[in-house]
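J.: Before we start, here is the structure in question, set down as structure tokens.
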Amino acid sequence: MKLIRGGIVVHSKEDFRADVAIDGGKIVRVEPTIAPGPGDEVIDAGGCLLFPGFIDPHTHLDMFNGVIVTADDFESGSRAAVAGGTTTFIDFATQDRGGTLSEALRAWHEKADGRSYADYGFHMAVTDWNDAVKAELPEVFRAGVTSFKVYMAYDALRLQDDQVFDMLREMKALGGVAWCHCENGQVINRLIAEARAAKRLGPAEHPRCRPDLLEAEAIARLAYLAELAGAPAGVVHLSSEAGLIETRKARARGVKLLVETCPQYLTLDEDRYLEPGFGGAKYVCSPPLRKGSDADALIEAVQAGDIDTIATDHCSYTLAQKALGAEDFSKIPNGLPSIEHRPALVYSRLVATGKISPGDMCRLMAETPARLYGLYPRKGVIRPGADADIVVWDRGAKWVLRASEQSMKSDYSPWEGFEITGRPREVLLGGETVAREGRAVGAPRGRYLKRESAML
């Protein structure tokens, strides 16, 4: 048996001092005091918080964007994840236009199986909606994929509104949830064409061509489609106050609209695109970074409980890959490296500053993701019967975030030089230590997770 002693167990609604006993990969006891037995391995967690292993429900590993493949594959991305305290992630198996869902799922298993340091599951990104694809859905559900993604942007990925509506109705019938990248892709295409014609080609054009109103409009459109379908829907990577207003309007009408945001939208702003030379390319992601007032509004929404989860949208590239857009901002690969540092950023910027509690962090990054993605109570909570995925969190640790010290393969960090409070001392997956003092240890041992329907 393994015993974690002296820590403060964090749940969404309470924190309490307790020892945690682990056997057979599961939590078997959570009690004020548990005496170690002969041969027990004891982990001293005195003064530390004990979080359930964090869940990142939005990653893009080993992803081909039509030109290049992301810097992090499942081995390097998962190694970085556990180093930072994330023990489960859910990646997007993306259907090819003209291809089947089962082909996409098979391809992602080939990328991931046997290579991951963390447990993992898949969403299905649907890019081609037709009767044959619809007929595949029950088999995909039986394979443990119960959440789906649709795009309102990107020509190679975007569905039409009638297809989104039809898919929402199908999700209602099957008990799944469709999550949506909400931006008006057609208008964005027009703005990009106008910028290129005017020879405005630097990174600063990126946010100008993807304004907050186009996120808000797409969120409103999704919400009305979900209302008409009588189905829940989710908004991924909410970035703006304008979009937040639309989510609140929809919820006030009774629409079951789930909302995710990401650390970049809480901690960075659009001034980053003005860095000298080509420096702004490091921050090119979609939706783009917004104004400081948008970050403030999203933090307030986190405090108010209007944000369900904080994920990453991890999609990493190297500086050399970003340089593909050196002469044209529209060719800069979209995405940021963040799977490793999400827990530290959220703790340092929100918990350590008193904006939210450790319980709030647990809810946003462990318990609610487990509920929304069909993993609760196996994941997301420290209690008997749950998987022994536990983060021993040193809340007093002080360090400076440096790309040169990270496990991700990206050779830069959007948060370079940030002074951070708090970091994982030890990370357990299924009762086994997979990271210690910010570094993964051992070999990949993560398992594929067949998920149930969401607990809404």
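The values are calculated or read from the model by the stated rules, or taken from the named source; none is laboratory data. These figures come from a predicted structure and were not determined experimentally. Every residue, glycine among them, receives a Cβ derived from its backbone with ideal geometry; neighbour counts consider all protein chains shown.
J.: If I ask for residues that are among the aliphatic types (A, V, I, L, M) and closer than 14 Å to Pro369 by Cβ, which ones from the stretch 300-316 would you list?
T.: Ile307, Ile310, Ala311, listed by residue number.
J.: Identify the residue in the stretch 133-152 that is among the aromatic types (Phe, Trp, Tyr) and within 18 Å of Phe165 (Cβ to Cβ) and, among all such residues, is surrounded by the most Cβ atoms within 10 Å (Cβ to Cβ).
T.: The qualifying residue surrounded by the most Cβ atoms within 10 Å (Cβ to Cβ) is Phe148.
J.: Out of everything in the stretch 249-263 that is closer than 19 Å to Val346 by Cβ and of a type outside the set (Asp, Glu), what residue ends up being surrounded by the most Cβ atoms within 10 Å (Cβ to Cβ)?
T.: This residue is Thr261.
J.: Would you be able to tell me the number of residues in the stretch 330-357 that are part of a helix (DSSP H, G or I) and surrounded by fewer than 23 Cβ atoms within 10 Å (Cβ to Cβ)?
T.: The number of residues fulfilling the criteria is 5.
J.: Just to be sure before I move on: is Arg97 modelled with pLDDT under 95, surrounded by fewer than 24 Cβ atoms within 10 Å (Cβ to Cβ), closer than 30 Å to Ala132 by Cβ and charged (D, E, K, R) in the structure I sent?
T.: So Arg97 passes the test.
J.: Hey, which of the strands (runs of 3 or more DSSP E) in the stretch 20-90, taking only ones fully inside, have at least 3 residues that are in contact with a strand residue (DSSP E or B) (Cβ under 9 Å, 6 or more places away or on another chain) and under 14 Å from His314 (Cβ atoms)?
T.: 54-59
J.: Scan the stretch 25-38 and tell me whether some residue there is closer than 30 Å to Cys180 by Cβ and out of contact with any Phe, Trp or Tyr (no Cβ under 9 Å at 6 or more places or on another chain).
T.: no
J.: Moving on to the next point. Has the stretch 155-173 got at least one residue that is within 21 Å of Ala233 (Cα to Cα), without any contact (Cβ under 8 Å) to a residue 12 or more places away in the chain, hydrophobic (A, V, I, L, M, F, W, C) and assigned by TED's automatic domain parsing to the domain that holds Ala93?
T.: yes
J.: Let me ask you something else. If I filter the stretch 265-310 down to residues being under 23 Å from Lys355 (Cα atoms) and in contact with a Phe, Trp or Tyr (Cβ under 8 Å, 6 or more places away or on another chain), which single residue comes out as surrounded by the fewest Cβ atoms within 10 Å (Cβ to Cβ)?
T.: Thr267
J.: Which of the residues that make up the stretch 354-372 are under 16 Å from Gly234 (Cβ atoms) and of a type in the set (D, E, K, R)?
T.: Arg371
J.: What about Glu260, is it under 27 Å from Ser357 (Cβ atoms) and assigned to a strand (DSSP E or B)?
T.: Yes: the conditions hold for Glu260.
J.: Anything in the stretch 96-148 that is among the β-branched types (Val, Ile, Thr) and within 26 Å of Val82 (Cβ to Cβ)? List them, or say none.
T.: Hits for the stretch 96-148 are Val145, Thr146.
J.: Would you confirm whether or not the stretch 383-399 contains a residue that is in contact with a His (Cβ under 9 Å, 6 or more places away or on another chain) and touching a residue at least 24 places away in the same chain (Cβ under 8 Å)?
T.: Checking the stretch 383-399: at least one residue is in contact with a His (Cβ under 9 Å, 6 or more places away or on another chain) and touching a residue at least 24 places away in the same chain (Cβ under 8 Å).
J.: What pairs come up if the first residue lies in the stretch 86-111 and is in contact (Cβ under 8 Å) with a residue 24 or more places away in the chain, the second is assigned to a strand (DSSP E or B) and of a type in the set (Gly, Ala, Ser), and their beta carbons are under 6 Å apart, counting only those six or more places apart or on different chains?
T.: That search, which allows pairs on different chains as well, returns Ile90/Gly121; Phe92/Ala125; Thr94/Ala125; Leu105/Ala93.
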